[in-house]
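A quick write-up on the structure given underneath.
The values are calculated or read from the model by the stated rules, or taken from the named source; none is laboratory data. As the structure is a computational prediction, the values presented were derived from the model and not from experiment. Here the Cβ positions follow ideal geometry from the backbone for every residue, glycine too, while neighbour counts run over all protein chains shown. Heavy atoms of the whole protein, side chains included, go into the accessibility calculation; ligands, DNA and RNA do not. Shrake-Rupley method; radii C 1.70, N 1.55, O 1.52, S 1.80 Å.
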Amino acid sequence: MKIVITGATGQLGSELHELLINDTEKECYFLDRKQLPLDQMLLIQDILAMYQPDLIIHAGAYTAVDKAEEDCETANLVNHLACEEIAQYCRLHGAKLIAISTDYVFDGNAAVPLTEDAPTAPINVYGQTKLAGEQAIQKWHPEAVIIRTSWVYSAYGKNFVKTMCRLMAEREEVNVINDQMGSPTYAKDLAIAILKIADATNWNPGIYHYSNEGEISWYDFAVAIRDFRSFDCQVKPILTSAYPTAAKRPKYSLLDKAKIKAVYDVVVPEWKESLARMLAEEVKK
(Lines give C-alpha, C1' and ligand atoms only; values in the text may rest on other atoms or scores of the structure.)
Protein backbone atom coordinates (compact mmCIF):
# COMPACT_ATOMS: atom_id res chain seq x y z
CA MET A 1 0.00 0.00 0.00
CA LYS A 2 1.32 3.42 -0.99
CA ILE A 3 0.34 6.08 1.55
CA VAL A 4 0.71 9.87 1.57
CA ILE A 5 0.46 11.53 4.99
CA THR A 6 -0.07 15.30 5.06
CA GLY A 7 0.87 17.44 8.06
CA ALA A 8 3.98 15.32 8.52
CA THR A 9 5.59 17.44 11.22
CA GLY A 10 2.42 17.96 13.28
CA GLN A 11 1.49 15.97 16.36
CA LEU A 12 -0.52 13.32 14.52
CA GLY A 13 1.82 13.21 11.53
CA SER A 14 4.79 12.66 13.84
CA GLU A 15 3.04 9.83 15.69
CA LEU A 16 2.08 8.20 12.37
CA HIS A 17 5.70 8.47 11.25
CA GLU A 18 6.87 6.71 14.40
CA LEU A 19 4.37 3.88 13.89
CA LEU A 20 5.00 3.47 10.15
CA ILE A 21 8.74 4.03 9.84
CA ASN A 22 9.54 0.31 10.11
CA ASP A 23 6.44 -1.00 8.32
CA THR A 24 7.82 -2.91 5.33
CA GLU A 25 4.36 -3.57 3.86
CA LYS A 26 3.61 0.11 3.31
CA GLU A 27 5.38 2.68 1.14
CA CYS A 28 4.86 5.91 3.04
CA TYR A 29 5.47 9.51 2.05
CA PHE A 30 5.31 12.13 4.80
CA LEU A 31 4.67 15.58 3.35
CA ASP A 32 5.10 18.76 5.39
CA ARG A 33 3.91 22.24 4.42
CA LYS A 34 6.95 22.82 2.19
CA GLN A 35 6.50 19.58 0.26
CA LEU A 36 2.71 20.01 0.05
CA PRO A 37 1.69 23.65 0.57
CA LEU A 38 -1.97 23.37 1.50
CA ASP A 39 -2.55 27.06 0.74
CA GLN A 40 -1.51 26.62 -2.91
CA MET A 41 -4.57 25.17 -4.64
CA LEU A 42 -3.01 24.94 -8.10
CA LEU A 43 -0.18 22.70 -6.85
CA ILE A 44 -1.95 20.17 -4.63
CA GLN A 45 -3.26 17.69 -7.19
CA ASP A 46 -0.06 17.79 -9.26
CA ILE A 47 2.06 17.09 -6.18
CA LEU A 48 -0.18 14.20 -5.12
CA ALA A 49 0.03 12.76 -8.64
CA MET A 50 3.81 12.48 -8.23
CA TYR A 51 3.29 9.93 -5.45
CA GLN A 52 0.23 8.08 -6.86
CA PRO A 53 -1.02 7.05 -3.40
CA ASP A 54 -3.50 4.27 -2.71
CA LEU A 55 -4.44 6.11 0.49
CA ILE A 56 -4.10 9.68 1.71
CA ILE A 57 -4.16 10.34 5.45
CA HIS A 58 -4.95 14.04 5.54
CA ALA A 59 -3.70 15.22 8.94
CA GLY A 60 -2.52 18.66 7.82
CA ALA A 61 -4.55 21.66 8.95
CA TYR A 62 -4.49 25.30 10.01
CA THR A 63 -4.85 24.81 13.77
CA ALA A 64 -4.03 28.27 15.19
CA VAL A 65 -7.57 28.76 16.48
CA ASP A 66 -7.23 32.35 17.69
CA LYS A 67 -5.07 33.50 14.76
CA ALA A 68 -7.68 32.11 12.36
CA GLU A 69 -10.12 34.83 13.48
CA GLU A 70 -8.00 37.46 11.72
CA ASP A 71 -6.36 35.21 9.11
CA CYS A 72 -9.59 33.63 7.91
CA GLU A 73 -8.47 33.56 4.26
CA THR A 74 -5.50 31.27 4.95
CA ALA A 75 -7.54 29.15 7.35
CA ASN A 76 -10.16 28.68 4.63
CA LEU A 77 -7.54 27.78 2.02
CA VAL A 78 -5.90 25.15 4.23
CA ASN A 79 -8.90 23.71 6.08
CA HIS A 80 -11.52 23.91 3.35
CA LEU A 81 -10.25 24.38 -0.19
CA ALA A 82 -7.24 22.06 0.23
CA CYS A 83 -9.65 19.34 1.38
CA GLU A 84 -11.63 19.91 -1.80
CA GLU A 85 -8.52 19.47 -3.96
CA ILE A 86 -7.46 16.32 -2.10
CA ALA A 87 -10.97 14.84 -2.31
CA GLN A 88 -11.12 15.58 -6.04
CA TYR A 89 -7.76 13.89 -6.54
CA CYS A 90 -8.93 10.80 -4.65
CA ARG A 91 -12.14 10.62 -6.68
CA LEU A 92 -10.32 10.99 -10.00
CA HIS A 93 -7.63 8.44 -9.18
CA GLY A 94 -9.50 5.93 -7.03
CA ALA A 95 -7.50 6.61 -3.86
CA LYS A 96 -8.88 6.14 -0.38
CA LEU A 97 -8.99 9.11 1.99
CA ILE A 98 -8.90 9.38 5.77
CA ALA A 99 -9.28 13.03 6.81
CA ILE A 100 -9.04 14.49 10.30
CA SER A 101 -11.59 17.00 11.57
CA THR A 102 -12.51 18.49 14.93
CA ASP A 103 -15.03 18.83 17.74
CA TYR A 104 -15.05 22.56 16.92
CA VAL A 105 -17.67 21.90 14.23
CA PHE A 106 -20.16 21.91 17.17
CA ASP A 107 -21.40 24.91 19.15
CA GLY A 108 -20.72 23.39 22.57
CA ASN A 109 -24.30 23.67 23.82
CA ALA A 110 -24.95 19.93 24.08
CA ALA A 111 -25.32 18.10 27.39
CA VAL A 112 -24.75 14.52 26.18
CA PRO A 113 -21.86 12.99 24.18
CA LEU A 114 -22.01 14.13 20.57
CA THR A 115 -22.80 11.56 17.90
CA GLU A 116 -21.71 11.87 14.29
CA ASP A 117 -25.15 13.07 13.19
CA ALA A 118 -25.51 15.75 15.90
CA PRO A 119 -26.24 19.21 14.42
CA THR A 120 -23.13 21.21 13.52
CA ALA A 121 -22.92 24.93 14.30
CA PRO A 122 -19.32 26.14 14.66
CA ILE A 123 -18.75 29.25 16.75
CA ASN A 124 -15.33 30.29 15.42
CA VAL A 125 -13.51 30.58 12.09
CA TYR A 126 -11.43 27.47 12.70
CA GLY A 127 -14.56 25.37 13.23
CA GLN A 128 -16.32 26.97 10.25
CA THR A 129 -13.42 26.21 7.89
CA LYS A 130 -13.05 22.64 9.18
CA LEU A 131 -16.78 22.01 8.67
CA ALA A 132 -16.53 23.44 5.14
CA GLY A 133 -13.65 21.00 4.57
CA GLU A 134 -15.80 18.09 5.75
CA GLN A 135 -18.59 19.13 3.42
CA ALA A 136 -16.23 19.46 0.44
CA ILE A 137 -14.85 15.98 1.09
CA GLN A 138 -18.33 14.48 1.32
CA LYS A 139 -19.38 16.25 -1.88
CA TRP A 140 -16.42 15.21 -4.01
CA HIS A 141 -15.42 11.90 -2.41
CA PRO A 142 -18.30 10.39 -0.39
CA GLU A 143 -16.25 7.20 0.01
CA ALA A 144 -13.89 9.02 2.40
CA VAL A 145 -13.54 8.41 6.13
CA ILE A 146 -13.62 11.60 8.24
CA ILE A 147 -12.52 11.39 11.88
CA ARG A 148 -13.44 14.18 14.28
CA THR A 149 -11.23 14.43 17.33
CA SER A 150 -10.67 16.79 20.27
CA TRP A 151 -8.03 18.23 22.61
CA VAL A 152 -5.10 16.55 20.83
CA TYR A 153 -1.74 16.26 22.58
CA SER A 154 1.48 14.34 21.99
CA ALA A 155 5.13 14.10 22.94
CA TYR A 156 5.66 16.02 19.69
CA GLY A 157 4.87 19.65 18.96
CA LYS A 158 3.10 22.26 21.08
CA ASN A 159 0.07 21.29 23.13
CA PHE A 160 -1.70 21.73 26.46
CA VAL A 161 0.19 18.95 28.26
CA LYS A 162 3.64 20.24 27.35
CA THR A 163 2.62 23.83 28.10
CA MET A 164 1.34 22.83 31.54
CA CYS A 165 4.54 20.90 32.30
CA ARG A 166 6.60 23.96 31.44
CA LEU A 167 4.45 26.41 33.41
CA MET A 168 4.17 24.16 36.47
CA ALA A 169 7.95 23.80 36.56
CA GLU A 170 8.31 27.61 36.50
CA ARG A 171 5.42 28.83 38.67
CA GLU A 172 3.89 28.29 42.06
CA GLU A 173 0.35 28.71 40.69
CA VAL A 174 -1.49 28.31 37.36
CA ASN A 175 -5.09 29.19 36.43
CA VAL A 176 -6.97 26.71 34.26
CA ILE A 177 -10.50 26.81 32.83
CA ASN A 178 -12.95 24.45 34.52
CA ASP A 179 -16.19 25.10 32.60
CA GLN A 180 -15.23 23.58 29.24
CA MET A 181 -15.94 19.83 29.18
CA GLY A 182 -14.67 17.15 26.82
CA SER A 183 -12.01 14.48 26.58
CA PRO A 184 -8.37 14.74 25.49
CA THR A 185 -6.90 12.68 22.66
CA TYR A 186 -3.41 11.23 22.77
CA ALA A 187 -2.26 11.55 19.14
CA LYS A 188 -0.56 8.15 19.27
CA ASP A 189 -3.88 6.48 20.15
CA LEU A 190 -5.54 8.30 17.26
CA ALA A 191 -2.73 7.23 14.92
CA ILE A 192 -3.22 3.59 15.95
CA ALA A 193 -6.96 3.89 15.26
CA ILE A 194 -6.30 5.42 11.83
CA LEU A 195 -3.96 2.59 10.85
CA LYS A 196 -6.50 0.03 12.01
CA ILE A 197 -9.01 1.61 9.62
CA ALA A 198 -6.41 1.73 6.84
CA ASP A 199 -5.73 -2.00 7.26
CA ALA A 200 -9.39 -3.02 7.64
CA THR A 201 -10.76 -5.60 5.22
CA ASN A 202 -14.04 -3.74 4.86
CA TRP A 203 -13.94 -0.02 4.05
CA ASN A 204 -16.90 1.77 5.62
CA PRO A 205 -16.94 5.45 4.65
CA GLY A 206 -18.50 8.24 6.67
CA ILE A 207 -17.87 10.45 9.70
CA TYR A 208 -16.50 8.95 12.92
CA HIS A 209 -15.65 10.36 16.34
CA TYR A 210 -12.50 9.57 18.29
CA SER A 211 -11.09 10.83 21.58
CA ASN A 212 -9.94 9.05 24.69
CA GLU A 213 -12.58 7.76 27.13
CA GLY A 214 -13.80 9.90 30.01
CA GLU A 215 -15.30 13.35 30.57
CA ILE A 216 -13.18 16.07 32.16
CA SER A 217 -12.51 19.81 32.16
CA TRP A 218 -9.23 21.45 31.25
CA TYR A 219 -8.78 22.00 34.99
CA ASP A 220 -9.14 18.27 35.67
CA PHE A 221 -6.62 17.60 32.93
CA ALA A 222 -4.13 20.06 34.44
CA VAL A 223 -4.48 18.57 37.93
CA ALA A 224 -3.76 15.10 36.54
CA ILE A 225 -0.66 16.39 34.72
CA ARG A 226 0.57 18.01 37.94
CA ASP A 227 -0.02 14.84 39.96
CA PHE A 228 1.64 12.54 37.42
CA ARG A 229 4.73 14.76 37.34
CA SER A 230 4.65 15.61 41.09
CA PHE A 231 4.90 19.34 40.48
CA ASP A 232 4.68 21.57 43.55
CA CYS A 233 2.23 23.94 41.90
CA GLN A 234 -1.27 25.02 42.82
CA VAL A 235 -3.85 24.65 40.04
CA LYS A 236 -6.70 27.14 40.38
CA PRO A 237 -10.00 26.69 38.52
CA ILE A 238 -11.31 29.71 36.59
CA LEU A 239 -14.28 30.39 34.30
CA THR A 240 -13.93 30.84 30.56
CA SER A 241 -15.11 34.43 31.05
CA ALA A 242 -11.99 35.13 33.12
CA TYR A 243 -9.71 34.11 30.23
CA PRO A 244 -10.96 35.87 27.07
CA THR A 245 -9.57 34.70 23.73
CA ALA A 246 -10.01 35.92 20.14
CA ALA A 247 -11.95 32.78 19.23
CA LYS A 248 -14.84 31.36 21.24
CA ARG A 249 -14.44 27.79 22.48
CA PRO A 250 -17.21 25.16 22.76
CA LYS A 251 -18.27 24.69 26.40
CA TYR A 252 -19.07 21.01 25.82
CA SER A 253 -17.45 18.83 23.18
CA LEU A 254 -17.46 15.27 24.50
CA LEU A 255 -17.54 12.91 21.51
CA ASP A 256 -19.52 9.67 21.38
CA LYS A 257 -17.16 6.91 20.16
CA ALA A 258 -19.72 4.09 19.80
CA LYS A 259 -19.68 4.14 15.99
CA ILE A 260 -15.92 3.79 15.47
CA LYS A 261 -15.79 1.05 18.10
CA ALA A 262 -18.64 -0.89 16.50
CA VAL A 263 -17.69 -0.48 12.83
CA TYR A 264 -13.90 -0.79 13.00
CA ASP A 265 -13.48 -2.55 16.35
CA VAL A 266 -11.26 0.31 17.55
CA VAL A 267 -10.13 0.12 21.18
CA VAL A 268 -10.36 3.51 22.92
CA PRO A 269 -8.08 3.87 26.00
CA GLU A 270 -9.10 5.85 29.07
CA TRP A 271 -7.65 9.38 29.14
CA LYS A 272 -5.58 8.99 32.32
CA GLU A 273 -3.94 5.84 31.04
CA SER A 274 -3.00 7.58 27.80
CA LEU A 275 -1.71 10.66 29.61
CA ALA A 276 0.58 8.47 31.73
CA ARG A 277 1.95 6.78 28.60
CA MET A 278 2.57 10.10 26.84
CA LEU A 279 4.35 11.63 29.84
CA ALA A 280 6.58 8.56 30.15
CA GLU A 281 7.40 8.80 26.44
CA GLU A 282 8.16 12.51 26.61
CA VAL A 283 10.77 11.84 29.30
CA LYS A 284 12.49 9.40 26.91
CA LYS A 285 12.48 11.95 24.09
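Points 7 angstrom from Cα along the Cβ direction at ASP199 and LYS236: gap in nanometres?
The modelled label-to-label distance comes out at 4.9 nm.
Listed highest first by mean packing, meaning other Cβ atoms within 10 Å per residue, what order do 267-278, 32-43 come in?
Top of the packing list down: 267-278, 32-43.
Counting Lys and Arg as +1 and Asp and Glu as -1, each charge on the Cβ, what is the dipole of the chain about the Cα centre in debye, to the nearest 20?
Rounded to the nearest 20 debye, it is 200 debye.
Evaluate E = 1/(1 + (r/R0)^6) for GLU170 and GLU270, where r is the Cβ-Cβ distance and R0 equals 45 Å; express this FRET efficiency to the nearest 0.05.
According to the calculation, E is roughly 0.95.
Tell me, in nm to one decimal, what length is gained between GLN40 and SER217 on full extension, where the rule is 0.36 nm per residue of separation less the Cα-Cα distance?
Value of the extension gain: 60.0 nm.
To the nearest Å, what is the center-to-center distance of the range 202-271 and the range 1-79, using C-alpha atoms only?
24 Å
When ligands, DNA and RNA are left out and all protein chains stay put, how many square angstrom of accessible area per residue does the range 11-146 have with a 1.4 Å probe?
Here the per-residue accessible area is 47 Å².
Leaving out ligands, DNA and RNA, what percent of the accessible area of the chain is carbon and sulfur, probe 1.4 Å?
50 percent
Roughly how many Å² is the accessible area per residue of the range 198-242, as a whole number, for a 1.4 Å probe?
48 Å²
Out of all DSSP beta bridges in the chain, what portion is antiparallel? Express it as a percent rounded to 5.
Antiparallel bridges make up about 5 percent of those DSSP assigns within the chain.
Which length gain, in nm to one decimal place, applies between TYR243 and ASP256 when the Cα-Cα distance is subtracted from 0.36 nm times their residue separation?
1.9 nm
In degrees from 0 to 90, rounded to the nearest 10, what is the angle of the helix 160-170 Cα long axis to the longest principal axis of the chain?
30 degrees
Largest first, what is the accessible-area ranking of ARG148, ARG171, ARG226 with a 1.4 Å probe?
Output order, biggest surface exposure first: ARG171, ARG226, ARG148.
May I ask which residue of GLY206, TRP218, GLY182 lies farthest towards the positive end of the charge dipole of the chain, with charges of +1 (Lys, Arg) and -1 (Asp, Glu) on Cβ and the Cα centre as origin?
The listed residue farthest towards the positive side: TRP218.
Want the number for GLN52 to ASN22: 0.36 nm per residue separation, take away the alpha-carbon distance, what's left?
8.7 nm
Using a Förster distance of 30 angstrom, determine the FRET efficiency expected from the C-beta separation of ARG229 and ILE192, and round it to 0.05.
Efficiency at R0 = 30 Å is approximately 0.80.
Could you report the accessible area of ASP66 in Å², rounded to 10, computed with a 1.4 Å probe on the protein chains as they sit in the structure?
For ASP66, the solvent-accessible surface is approximately 50 Å².
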